[in-house]
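In what follows, a structure is listed as structure tokens, so that the remarks can point back to it.
The values are calculated or read from the model by the stated rules, or taken from the named source; none is laboratory data. Since the structure is predicted, the reported quantities are computational estimates derived from the model, not experimental observations. Here the Cβ positions follow ideal geometry from the backbone for every residue, glycine too, while neighbour counts run over all protein chains shown. In case anyone asks, the SASA skips ligands and DNA or RNA and just uses the protein heavy atoms, side chains included. Shrake-Rupley method; radii C 1.70, N 1.55, O 1.52, S 1.80 Å.
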Amino acid sequence: MEGGPHKADKTEFKECLHLTWKQPYILRLAFSAGIGGLLFGYDTGVISGALLYIRDDFSSVGRSTVLQETIVSMAVAGAIIGAGFGGWMNDRFGRRPSIILADILFFIGAIIMAAAPIPGIIILGRIFVGLGVGMASMTSPLYISEASPARIRGALVSTNGLLITGGQFLSYLINLAFTKAPGTWRWMLGVAGIPALVQFILMLMLPESPRWLYRKNRKEEAAEILRKIYPSDEVDKEMEALRESIEVEIAEDGSIAEDGLIGKLRKALSSVVVRRGLVAGILCQVAQQFVGINTVMYYSPTIVQLAGFASNSTALALSLITSGLNAFGSIVSIYFVDRVGRRRLMLLSLVGIITCLALLSGVFFGAATHSPVVGNAETQFFGNSTCPDFNPASGIIWKCTDCLKASSACGFCAHEGNKLLPGACLAKNDAVKGVCHAGHREWYTQGCPSNFGWLALIALAAYIISYSPGMGTVPWIVNSEIYPLRFRGLCGGIAAVSNWISNLIVTQTFLSLTEALGTAPTFLLFCGVSAVALVFIFFLVPETKGLPFEEVEKMLERKNYKAWKKSPVQAHP
């Protein structure tokens, strides 16, 4: 909270366990609000598996890369609006009502998707879900941050990241559970309404953020909540810190009354503290997406298929590994974020990401180079089912990759005995797929048979391990700590919108990029962007580890401020 000086170097995971054991109310607040992260994670993971079966049920989706990207990315588009609206609603009505409204929107979206008769209705449901996820994505860590002591704030906000990755892991388990059920993807998407309903009920029983209440001059309510969070001997100190913080606001703004949105934005941008905080906060959020994480999270089973694993169920099962590693990385983050620091953890994470993306690009390049050829005899065996673009008489030798890139919709039916031997290039439809499977052959439409598939999975797993503890959770922690209280909702909303816009760009273009450039060059592109992000974060993002909020503000307003230099409080604990 706003409290007195804390020794950042003493802020360790064991202290978080000790304090939450002593004051369990803190943990109750953190996990109840953190279900918003679970919703975020579930939506990210569930669509990646559901998309495989939506493609099978609606031929128009299977034929159109753009339509697949739209089904995935419309939730992101909704989240952009939800995050922006959530920033305003947080400041005007409070953190708690914002989370409750997010749950209602998410629940409605889940029901619409589960009942959707056509792809357009799925897209409508995705927009509703996105509105809820966008609001929850920036409100949940903010609520947790404002209800946490400064010395364990990072660890508790990391629980939101843990629940995001836990939601992703849960979604893959549920996807696997419903692969054989009638209506497969309908169950996958509909079950998403359950955690929203649970959080809705829990939030009705929880209080508003004590910081927000004090700022609204509801001091006794704020004090009552602080008594549940802190030992009795610390409550007076926290109340005094809040009083001093509000007095500073009065001195700066003349009043703590609400301004209009435009007026408040103008005031925010006129402050050097806010400008420096926004540069750091937005940079972290944009970098989080442009390193390519949601190409993995939204399209993980598709990437597994691009690596040479044809079966939907196999792709889902293997994707479960990456999701599990992501959840494990979030646990690692909870332990290290207050020990190593936010900034250093992000920089180490980016070094690993760059290395893994370079390796992943090399693996897919090798897989494409050694793709099995299309055999004339193998193709003629299937008679009139040959891909219309394949012309053996031309003398041009096709590989499996050429077959899948044909202008007509075509698939590759692998050799019966050895999938790396010449196979058949056939027209892509359910009847031909059935004939191929009847011959005990694998049917490929996304990627080609390869000996490099397992190496691609290892590189993908290493990428997740590098990403999750640092770039996966830290940007949200930084954005919950780096803004002055009076502008925290507004600035948090702006940063969250930048995250979702970046997310939208990545998710709406990934499949098209792999189609236009190839899988290897696409991952190489993300590798280059990650290297640029490493440089910018080094020079522009400060360390906020263990600093009370007012110390963060003092650090940002210093005339000799350099992001890569330690704050005096950190340098001399």
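Only a single criterion out of (1) over 24 Å from Asn451 (Cβ atoms); (2) open to solvent by less than 40 Å² (accessible area, probe 1.4 Å); (3) modelled with pLDDT under 90; (4) of a type outside the set (Asp, Glu) is not satisfied by Gln380, namely (2). Scanning segment 113-141 for residues that are touching a Lys or Arg at 6+ places or on another chain (Cβ under 9 Å) and either assigned to a loop (DSSP other than H, G, I, E, B) or crowded, with 24+ Cβ neighbours inside 10 Å (or both) yields a count of 5. Condition check for Thr519 on (1) within 26 Å of Leu67 (Cβ to Cβ); (2) open to solvent by less than 20 Å² (accessible area, probe 1.4 Å); (3) not charged (D, E, K, R): one failure, at (2).
Give the residue, chosen from Ile194, Ile144, Ile164, Ile201, that is open to solvent by 10 Å² or more (accessible area, probe 1.4 Å), touching a helix residue (DSSP H, G or I) at 6+ places or on another chain (Cβ under 6 Å) and closer than 23 Å to Arg95 by Cα.
Values: Ile194 fails: touching a helix residue (DSSP H, G or I) at 6+ places or on another chain (Cβ under 6 Å); Ile144 fails: open to solvent by 10 Å² or more (accessible area, probe 1.4 Å); Ile201 fails: touching a helix residue (DSSP H, G or I) at 6+ places or on another chain (Cβ under 6 Å).
The match here is Ile164.
In segment 524-573, how many residues are of a type in the set (Phe, Trp, Tyr), modelled with pLDDT under 90 and either assigned to a helix (DSSP H, G or I) or open to solvent by 40 Å² or more (accessible area, probe 1.4 Å) (or both)? I'd like the intermediate steps shown before the answer.
Quick first cut of segment 524-573, residues of a type in the set (Phe, Trp, Tyr) only: 526, 536, 538-539, 549, 561, 564.
Now restrict to residues that are modelled with pLDDT under 90: 549, 561, 564.
If we keep only those that are either assigned to a helix (DSSP H, G or I) or open to solvent by 40 Å² or more (accessible area, probe 1.4 Å) (or both) too, we end up with 549, 564.
Residues that pass the stated criteria total 2.
Entry remark, segment 392-427: residues being open to solvent by 70 Å² or more (accessible area, probe 1.4 Å), among the charged types (D, E, K, R) and either free of Cβ contacts under 8 Å to residues at least 60 places away in the same chain or part of a helix (DSSP H, G or I) (or both) number 2 in total.
Considering the conditions (1) open to solvent by 60 Å² or more (accessible area, probe 1.4 Å); (2) at pLDDT below 80; (3) within 30 Å of Pro24 (Cα to Cα), Ile229 is excluded by exactly one of them, (1). Only residues that are within 41 Å of the chain's Cα centre (by Cα) and open to solvent by less than 30 Å² (accessible area, probe 1.4 Å): list them for segment 367-377, please. Scanning segment 367-377 gives Ala367, Ser371, Pro372, Val374.
Does Val76 satisfy the condition of being crowded, with 21+ Cβ neighbours inside 10 Å and aliphatic (A, V, I, L, M)? So Val76 passes the test.
In segment 188-210, the count of residues that are over 22 Å from Leu318 (Cα atoms), at pLDDT below 85 and in a helix (DSSP H, G or I) is one or more.
Going through segment 27-56 one residue at a time, which ones are over 23 Å from Ser300 (Cβ atoms) and of a type in the set (Lys, Arg)? Residue satisfying the conditions is Arg28 alone.
So which residues in segment 161-193 are among the β-branched types (Val, Ile, Thr) and either within 24 Å of Leu142 (Cβ to Cβ) or in contact with a His (Cβ under 8 Å, 6 or more places away or on another chain) (or both), if there are any at all?
Initial filter on segment 161-193 (among the β-branched types (Val, Ile, Thr)): 164-165, 174, 179, 184, 191.
Matches in segment 161-193: Ile164, Thr165.
The C-beta contact set for segment 265-282 (first residue more than 18 Å from Pro542 (Cβ to Cβ), second residue crowded, with 19+ Cβ neighbours inside 10 Å and modelled with pLDDT under 85, distance under 8 angstrom, 6+ apart or interchain) comprises Leu265/Leu490; Lys267/Phe487; Ala268/Phe487; Ala268/Leu490.
Within segment 93-112, can one find any residue that is out of contact with any Pro (no Cβ under 8 Å at 6 or more places or on another chain), open to solvent by 10 Å² or more (accessible area, probe 1.4 Å) and not in a helix (DSSP H, G or I)?
Taking segment 93-112 first, the residues out of contact with any Pro (no Cβ under 8 Å at 6 or more places or on another chain) are 93-95, 97-112.
From what's left, open to solvent by 10 Å² or more (accessible area, probe 1.4 Å): 93, 97, 100-101, 104-105, 107-108, 111-112.
After this cut, where a residue has to be not in a helix (DSSP H, G or I) as well, the list is none.
There is no residue in segment 93-112 that is out of contact with any Pro (no Cβ under 8 Å at 6 or more places or on another chain), open to solvent by 10 Å² or more (accessible area, probe 1.4 Å) and not in a helix (DSSP H, G or I).
For segment 36-67, a residue qualifies if it is assigned to a helix (DSSP H, G or I), open to solvent by 20 Å² or more (accessible area, probe 1.4 Å) and polar (S, T, N, Q), and the qualifying residues are Ser59, Ser60, Thr65.
None of Val272, Val279 is among the hydrophobic types (A, V, I, L, M, F, W, C), closer than 20 Å to Ile501 by Cβ and open to solvent by 10 Å² or more (accessible area, probe 1.4 Å) except Val279. Of the helices (runs of 4 or more DSSP H) lying entirely inside segment 294-391, those containing at least 3 residues that are more than 30 Å from Ala438 (Cα to Cα) span 312-336, 342-369.
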